[in-house]
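A.B. asks: Pasting a structure below so you can have a look.
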Amino acid sequence: MKIFSESHKTVFVVDHCPYMAESCRQHVEFDMLVKNRTQGIIPLAPISKSLWTCSVESSMEYCRIMYDIFPFKKLVNFIVSDSGAHVLNSWTQEDQNLQELMAALAAVGPPNPRADPECCSILHGLVAAVETLCKITEYQHEARTLLMENAERVGNRGRIICITNAKSDSHVRMLEDCVQETIHEHNKLAANSDHLMQIQKCELVLIHTYAVGEDSLVSDRPKKEEEQHANTSANYDVELLHHKDAHVDFLKSGDTHIGGSSREGSFKETITLKWCTPRTNNIELHYCTGAYRISPVDVNSRPSSCLTNFLLNGRSVLLEQPRKSGSKVISHMLSSHGGEIFLHVLSSSRSILEDPPSISEGCGGRVTDYRITDFGEFMRENRLTPFLDPRYKIDGSLEIPLERAKDQLEKHTRYWPMIISQTTIFNMQAVVPLASVIVKESLTEEDVLNCQKTIYNLVDMERKNDPLPISTVGTRGKGPKRDEQYRIMWNELETLVRAHINNSEKHQRVLECLMACRSKPPEEEERKKRGRKREDKEDKSEKAVKDYEQEKSWQDSERLKGILERGKEELAEAEIIKDSPDSPEPPNKKPLVEMDETPPIEKSKGPVSLLSLWSNRINTANSRKHQEFAGRLNSVNNRAELYQHLKEENGMETTENGKASRQ
Amino acid sequence: MDDYDKTCLESALVGVCNIVQQEWGGAIPCQVVLVTDGCLGIGRGSLRHSLATHSQRGESNRFPLPFPFPSKLYIMCMANLEELQSTDSLDCLERLIDLNNGEGQIFTIDGPLCLKNVQSMFGKLIDLAYTPFHAVLKCGHLTADVQVFPRPEPFVVDEEIDPIPKVINTDLEIVGFIDIADISSPPVLSRHLVLPIALNKEGDEVGTGITDDNEDENSANQIAGKIPNFCVLLHGSLKVEGMVAIVQLGPEWHGMLYSQADSKKKSNLMMSLFEPGPEPLPWLGKMAQLGPISDAKENPYGEDDNKSPFPLQPKNKRSYAQNVTVWIKPSGLQTDVQKILRNARKLPEKTQTFYKELNRLRKAALAFGFLDLLKGVADMLERECTLLPDTAHPDAAFQLTHAAQQLKLASTGTSEYAGYEHNITPLHTDFSGSSTERM
């Protein structure tokens, strides 16, 4: 493929001399309705178009089709020639639309039949056309800038379509010679200029117009093909134009019924495709090997507008292609995207990926507790959206939205266990308010508050001895004890928060709150545990972190380790104990805050007995029948302090539930 | 393919050509391995004869090279270089590669013809053409080692500006996610299976996790199957959510990952490659301009997930969506004139539509320099005025006369009346106040 082929630049040069004002001598009936209404009224006389009107209509039709099929990178420059050249537009993309051209043509108006023909010449237009072909387009400029020292690779070719009335063969030759000579001259000029480019190749299409006979103005349409697709009855054929590559497979296969070689054959080849009832919806992902914009040949005809409106309303049409063998195969799909209709080429040949092994048979295929729903949520949060207006970073440089998207993915995956049994916190509804905001680049005061609330809530849960969704997969027997469960949960939460402390100072505050609140086992218990065997102690969340680190590329893991290391140092400074079997025993182990008098919880004695199950149920049922005594609700270990208000009134602090001493 | 009892390379290549095209069409790359002893046959049908008559072929007996599909032709010669060079065999075989646009290579035996040397020759072919493509699939910190199958082919974007073929990165980095309905069957260059693989410390592949029936419990594959893998997680969620992951393959080159179901039970993680470039899919816009929804003022997908920022609307509407005027066929012109006439007979109810259609016709006629039409339609409106029934609203006559007059003025072509941007507006009459029709 070449972007800068001849079709990148097309110059229309239309003759505006007095001769073009003559009638084309083909009559158009325009007064049609009168016939079937009123008897005895003579319809108005038919009118006829001038040669100029025919020329302008045809060139506008060419532009209409081209702008439909190739709205970018194929540009038109329109020149009208009489006693001078009138250049109606430029190569800029804004000038490339029908409205602009129509307005400019209206300003020129039809040729004046009484002007002096001697003063007028198509040569003015042709010279201007060569001049304009030397002018660099936005696309050429962009490509040259991008290629820098290889700028010479950017080609400059073009096509001049000249509509005029040629007087003789020698007149035609004179026009050709003139164009050639002008190119030669302008190339010399362009050689010494930064804004001009030499013309490497120029295709000259001369269209001779004259009255009477057949209208010879139907422009040839290079590089385009037509396609019909019939809706059972031939009456409803809609002829569409599109890039020829949409049928590349068909043409290569030699399975054509058009006859003749596809290479040297006429450009205008029609392939008939049949509408088949759409069995498709938008949610299906077709294997599509190409998509090309279309344009109806007869844009305003009823069948055409019927089809295009159907498609513009969001429906799709599958098309069948008959084969030489008589069989049919779905080969194309018509579908609109954002008000543009595309012909999608669907692959209809045998797949090279037949009978591949299922993903469940491969690596990780035997694992059954992936966090599929959570990752689905993650994907929805990391969906993309277009940012059309440029944004700037604080340092003034341009911000690339896609890089922001990558940054976000990096943040959101710093701690992301893949399976349910590797995590506790992500199985807890109570952690969601924290987990959903901590990954953000920056936090609001409200976010911090919510994180703190989440942490307090967890403290509360621990005090109430609520059960945690700790996985018992792979562990023998009863699984970890309740306090051990909370230790695991706090460790995991710490890992999550710690992965984000460098995002902002507010993230740091969340960690501080977490470290201040989280439970730690009493010293003796810690020592006792250290005596025990390691493997018994290794908890799930730590394992998860390790797995996750192993899976990452080394830079990432190094970076994360750095964060953890730094975290550890900071902790050591603050004399806070990192509750991990790997961290060395701090010399002077003293909790920073003295709130955590671990409540003398009922030691869980193995699996829940039938009796306790039953009494729990009865208690719950009973509790629904009456309002709970406020004192019991706020009690700690079933002990409620009475007459609290007296203490408050006396300005004394209550330290009973630990909350007051915390802040 | 029929058997032949003599060396006839052309027939063999024609056979290959037909089979590949019938089965896979013209777009799938195919490697053709020709194993030969280096003898080219004798007489008609020999390679020498084929090449000598190469320039005299018609469409019916086209020489099979170049293959009409992307291809590599590997010629494995069961002979060493010296033997081949003693005749013109090597030259003829090299011609074959040239005829295939240089796509392919000739392999010869190093040293004497023996099993070991033949094995080593084929080993070279395997290294060149059949090495698996290993990559690392990344989504932030979540990663997986994968094999991409078939090997992604290098791609030339523009043979003139950028003739160096682009190859995809071995780091496949996910940049975000998009709903299947939004990406809507995009055109792709090729599609590939993304298979998670288990690598040992040296980076060698130890297994794909796919187990044979007779494998024991603790084989590498069995173990690999039980280790959580990001590909499986990603595949599961893409399938459930009906989404695709957009993956960066290189500078300005992207693709998508999605779940592809082979049958009800079997499904796989697949990757399709978009054409390289800043904007492979017009309805998504420029890839670099896609960013995270959290950067938007409000969620473009809506709080209830009921809308979407896609597809992007192009700046200019296409002709079929903007009510263009085309009069190349008389029927186009007649339809437009009839529309005006129909509305003229329903004045004053249809005043707005009448003037809208009238102005559309006026604009086109001025652009096409078709001033006679303006005069003709003016005459027609004047005649309609005379044909108005007694019961007609008095405003109808005023509007028709006014419109006819304005068209006549425009048909003079003089600049004060024939301005393209000028619109004929309804005449304000004592009656027109009641006309409240809105478009």
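The values are calculated or read from the model by the stated rules, or taken from the named source; none is laboratory data. Nothing here was measured: the structure is a model prediction, and the numbers come from that model. In this analysis, Cβ positions are derived from the backbone assuming ideal geometry, glycine residues included, and neighbour counts consider all displayed protein chains. We work out accessible area using only protein heavy atoms, side chains counted, and drop any ligands, DNA or RNA first. Shrake-Rupley method; radii C 1.70, N 1.55, O 1.52, S 1.80 Å.
A.B. asks: Might you check whether a residue that is more than 10 Å from chain A (Cβ to nearest Cβ) and within 19 Å of A:Val299 (Cα to Cα) occurs anywhere in region B:342-358?
C.D. replies: Yes.
A.B. asks: Which one is surrounded by the fewest Cβ atoms within 10 Å (Cβ to Cβ), of the residues in region A:358-385 that are over 30 Å from the mean Cα position of the chain (by Cα) and more than 7 Å from chain B (Cβ to nearest Cβ)?
C.D. replies: A:Thr368
A.B. asks: Mind listing just one residue for me: the one in region A:312-342 that is crowded, with 19+ Cβ neighbours inside 10 Å and over 30 Å from B:Gln22 (Cα atoms) and, of those, farthest from the other protein chains (Cβ to nearest Cβ)?
C.D. replies: So, considering only residues that are crowded, with 19+ Cβ neighbours inside 10 Å and over 30 Å from B:Gln22 (Cα atoms), the one farthest from the other protein chains (Cβ to nearest Cβ) is A:Ser336.
A.B. asks: Then there's this: Name every residue in region B:37-67 that is touching a Cys at 6+ places or on another chain (Cβ under 7 Å) and under 30 Å from B:Pro152 (Cβ atoms), in order of residue number.
C.D. replies: B:Pro64, B:Phe67
A.B. asks: Follow-up. Starting from region B:75-98, keep only residues that are open to solvent by 70 Å² or more (accessible area, probe 1.4 Å), then list their pairs with residues that are assigned to a helix (DSSP H, G or I) and not acidic (Asp, Glu) whose Cβ atoms are within a distance under 6 Å, requiring at least 6 positions of separation or different chains.
C.D. replies: That search, which allows pairs on different chains as well, returns B:Arg95/B:Leu51.
A.B. asks: Can you pull out every residue in region B:237-247 that is more than 8 Å from every other protein chain (Cβ to nearest Cβ) and closer than 17 Å to B:Val188 by Cα?
C.D. replies: Selection gives B:Val247 alone.
Per-residue answers, yes or no, for (1) in contact with a His (Cβ under 6 Å, 6 or more places away or on another chain); (2) aliphatic (A, V, I, L, M); (3) within 23 Å of B:Ala296 (Cβ to Cβ):
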site: A:Arg380; (1), (2), (3): no, no, yes
site: A:Leu384; (1), (2), (3): no, yes, yes
site: A:Leu398; (1), (2), (3): no, yes, yes
site: A:Lys406; (1), (2), (3): no, no, yes
site: A:Thr413; (1), (2), (3): yes, no, yes
site: A:Thr444; (1), (2), (3): no, no, yes
site: A:Gln452; (1), (2), (3): no, no, no
site: A:Pro467; (1), (2), (3): no, no, no
site: A:Ile470; (1), (2), (3): no, yes, no
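A.B. asks: Can you name the residue in region B:190-207 that is modelled with pLDDT of 90 or more and at the interface with chain A (Cβ under 7 Å from one of its Cβ atoms) and, of all such residues, is farthest from B:Ala135 (Cα to Cα)?
C.D. replies: Out of the qualifying residues, it is B:Arg191.
A.B. asks: Quick test of your reading of the structure: B:Glu103 fulfils all but one of (1) in contact with a strand residue (DSSP E or B) (Cβ under 8 Å, 6 or more places away or on another chain); (2) open to solvent by 80 Å² or more (accessible area, probe 1.4 Å); (3) not aromatic (Phe, Trp, Tyr). Name the failing condition by number.
C.D. replies: (2)
A.B. asks: Scan (1) farther than 30 Å from B:Pro330 by Cα; (2) of a type in the set (Ser, Thr, Tyr); (3) in a helix (DSSP H, G or I) for the single condition A:Ser331 breaks and write down its number.
C.D. replies: Result: A:Ser331 fails condition (3) only.
A.B. asks: Another question, then. Return only the number of the condition from (1) closer than 28 Å to A:Gln508 by Cα; (2) open to solvent by less than 50 Å² (accessible area, probe 1.4 Å); (3) over 27 Å from the mean Cα position of the chain (by Cα) that A:Ser421 does not satisfy.
C.D. replies: Evaluating A:Ser421 over (1) closer than 28 Å to A:Gln508 by Cα; (2) open to solvent by less than 50 Å² (accessible area, probe 1.4 Å); (3) over 27 Å from the mean Cα position of the chain (by Cα) leaves (1) as the failure.
A.B. asks: Here is a follow-up. State whether the residues of region A:108-122 include one that is among the acidic types (Asp, Glu) and part of a helix (DSSP H, G or I).
C.D. replies: yes
A.B. asks: Out of B:Gln313, B:Gln289, B:Gln334, which single residue is surrounded by fewer than 17 Cβ atoms within 10 Å (Cβ to Cβ), within 7 Å of chain A (Cβ to nearest Cβ) and at pLDDT 90 or above?
C.D. replies: On inspection, the qualifying residue turns out to be B:Gln313.
A.B. asks: Cβ-Cβ below 8 Å, separation at least six or inter-chain, first residue in region A:370-396 and in a loop (DSSP other than H, G, I, E, B), second among the small types (Gly, Ala, Ser): which pairs?
C.D. replies: So the pair list comes out as A:Asn382/A:Ala405; A:Asn382/B:Gly176; A:Phe387/B:Gly291; A:Phe387/B:Ala296; A:Leu388/B:Gly285.
A.B. asks: What's the total number of residues in region B:22-43 that are in contact with a Ser or Thr (Cβ under 9 Å, 6 or more places away or on another chain) and open to solvent by 40 Å² or more (accessible area, probe 1.4 Å)?
C.D. replies: Number satisfying all stated conditions: 9.
A.B. asks: Is it the case that region A:399-406 has a residue that's within 24 Å of B:Glu303 (Cα to Cα) and either among the aromatic types (Phe, Trp, Tyr) or at pLDDT below 90 (or both)?
C.D. replies: no
A.B. asks: Next question. Scan region B:37-59 and report the pairs whose first residue is under 21 Å from B:Cys77 (Cα atoms) and whose second residue is open to solvent by 70 Å² or more (accessible area, probe 1.4 Å) and in a loop (DSSP other than H, G, I, E, B), with Cβ atoms within less than 8 Å and a gap of 6+ or a chain change.
C.D. replies: B:Gly41/B:Lys6; B:Ile42/B:Lys6; B:Gly45/B:Lys6
A.B. asks: Given the criteria at pLDDT 90 or above, open to solvent by less than 40 Å² (accessible area, probe 1.4 Å), within 11 Å of chain A (Cβ to nearest Cβ) and in contact with a Pro (Cβ under 9 Å, 6 or more places away or on another chain), does B:Pro187 qualify?
C.D. replies: So B:Pro187 fits the description; yes.
A.B. asks: Is at least one residue of region A:131-147 more than 14 Å from chain B (Cβ to nearest Cβ), of a type in the set (Gly, Ala, Ser) and part of a helix (DSSP H, G or I)?
C.D. replies: no
A.B. asks: Another question, if that's okay. Without any contact (Cβ under 8 Å) to a residue 24 or more places away in the chain and open to solvent by less than 70 Å² (accessible area, probe 1.4 Å): which single residue out of B:Gly369, B:Gly413 fits that description?
C.D. replies: Only one candidate qualifies: B:Gly369.
A.B. asks: May I ask you to list the residues in region B:150-178 that are within 8 Å of chain A (Cβ to nearest Cβ), within 19 Å of the chain's Cα centre (by Cα) and closer than 23 Å to B:Cys139 by Cβ?
C.D. replies: B:Ile178
A.B. asks: Taking into account only those residues within region B:263-281 that are of a type outside the set (Ser, Thr, Tyr) and facing chain A (nearest Cβ under 7 Å), which is most open to solvent (accessible area, probe 1.4 Å)?
C.D. replies: Among those that are of a type outside the set (Ser, Thr, Tyr) and facing chain A (nearest Cβ under 7 Å), it is B:Lys265.
A.B. asks: Only one of B:Ala403, B:Ala392 is among the hydrophobic types (A, V, I, L, M, F, W, C), more than 12 Å from chain A (Cβ to nearest Cβ) and either surrounded by fewer than 20 Cβ atoms within 10 Å (Cβ to Cβ) or assigned to a loop (DSSP other than H, G, I, E, B) (or both). Can you tell me which?
C.D. replies: After ruling out the rest, the residue left standing is B:Ala392.
A.B. asks: Restricting region A:90-99 to residues that are in contact (Cβ under 8 Å) with a residue 12 or more places away in the chain and outside any loop (DSSP other than H, G, I, E, B), which is nearest to the other protein chains (Cβ to nearest Cβ)? First the steps, then the outcome.
C.D. replies: Going through region A:90-99, the residues in contact (Cβ under 8 Å) with a residue 12 or more places away in the chain turn out to be A:90-93, A:96-98.
Then drop every residue that is not outside any loop (DSSP other than H, G, I, E, B), which leaves A:93, A:98.
Working: A:Gln93: 9, A:Leu98: 6 Å.
Checked region A:90-99; the qualifying residue nearest to the other protein chains (Cβ to nearest Cβ) is A:Leu98.
A.B. asks: Only one of (1) outside any loop (DSSP other than H, G, I, E, B); (2) in contact with a Phe, Trp or Tyr (Cβ under 8 Å, 6 or more places away or on another chain); (3) under 29 Å from B:Val377 (Cα atoms) is not met by A:Arg25, so which one is it?
C.D. replies: Going through (1) outside any loop (DSSP other than H, G, I, E, B); (2) in contact with a Phe, Trp or Tyr (Cβ under 8 Å, 6 or more places away or on another chain); (3) under 29 Å from B:Val377 (Cα atoms) one by one, A:Arg25 breaks only (2).
A.B. asks: If you don't mind, there's one more thing I want to ask. Could you grab me the full set of residues in region A:52-89 that are facing chain B (nearest Cβ under 10 Å) and closer than 25 Å to B:Ser411 by Cα?
C.D. replies: A:Trp52, A:Thr53, A:Cys54, A:Ser55, A:Val56, A:Glu57, A:Ser58, A:Met60, A:Glu61 - these are the residues of region A:52-89 that are facing chain B (nearest Cβ under 10 Å) and closer than 25 Å to B:Ser411 by Cα.
A.B. asks: Would you say A:Gly338 is at pLDDT below 85 and of a type outside the set (A, V, I, L, M)?
C.D. replies: In short, no.
A.B. asks: Condition (residue is open to solvent by 40 Å² or more (accessible area, probe 1.4 Å), under 23 Å from B:Cys139 (Cα atoms) and at the interface with chain B (Cβ under 7 Å from one of its Cβ atoms)) applied to region A:350-357: is it met by at least one residue?
C.D. replies: Checked against the condition, which is being open to solvent by 40 Å² or more (accessible area, probe 1.4 Å), under 23 Å from B:Cys139 (Cα atoms) and at the interface with chain B (Cβ under 7 Å from one of its Cβ atoms), region A:350-357 yields no hits at all.
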